[in-house]
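Below is one structure, written out as structure tokens; comments come after it.
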Amino acid sequence: MSSFFNKDETKEEYNASEPVHDRERWLDPFVHYMGHIGNYTPDEAIAAIDAEGLLPDVLTFDPSKPAQYPNGRSFSDDVIYHRLALLSKENMPPTGLQPHTDLLSEFPYLGNPHPTDH
């Protein structure tokens with residue numbers, strides 16, 4: 001989340017802090033940023049943060065559910081687009097990039113880089 005929310009000297013502070021303190025320290029700046037970028041009201045921003053489980057900023061995994069973002073991550077999850085959609089209140093179009101379909105069964109797991117259409 002730091003790459004989306006912390007564009008100044010707070011980035012190092014955010015990265016060095018303990019997740020247990022994320023909500024008390026970062027809720028207000030995140031709500032402000034979401035209001036600016038996605039036109040969220042403060043209540044809408046807090047509801048979106050809570051629904052996504054953003055604070056604390058830890059990747060959770062429930063083995064009783066499929067492994068796909070936000071429940072863990074798989075190589076085919078477009079996490080950046082997911083975050084941009086959250087920040088923009090679903091008003092940012094997809095990039096058109098497709099997930100890898102050439103996954104390998106061993107490290108490095110991903111096949112060759114995909115060319116871009118741009």
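The values are calculated or read from the model by the stated rules, or taken from the named source; none is laboratory data. Since we're looking at a predicted model, the values are computed, not measured. Note: ideal-geometry Cβ built from the backbone for every residue, glycine included; neighbour counts use all protein chains shown. Note: accessible area is taken over every heavy atom of the protein model, side chains too, but ligands, DNA and RNA are not part of it. Shrake-Rupley method; radii C 1.70, N 1.55, O 1.52, S 1.80 Å.
Specify whether the C-alpha gyration tensor of the range 6-118 places it in the rounded, prolate or oblate class, a ≥ b ≥ c being the square roots of the eigenvalues: rounded for a/c under 1.5, otherwise prolate if a/b is larger than b/c and oblate if not.
Prolate is the answer for the range 6-118, as a/c is 1.5 or above and a/b outweighs b/c.
At 7 Å along the Cα-to-beta-carbon direction for both His36 and Lys89, put a label point, then send me their distance in nm to one decimal.
If labels sit at His36 and Lys89, their model points lie 1.7 nm apart.
Compare Phe61, Phe30, Phe107 by solvent-accessible area with a 1.4 Å probe and give them largest first, with all protein chains kept in place.
Phe107, Phe61, Phe30
At 7 Å along Cα-to-Cβ for each site, give me the label-to-label distance between Asp78 and Lys65 in nm.
Spacing of the two 7 Å Cα→Cβ label points: 2.1 nm.
Can you give me the relative contact order of the range 45-118 as a percent, contacts being Cα pairs under 8 Å and 6 or more apart?
Reported as a whole number, the value is 17 percent.
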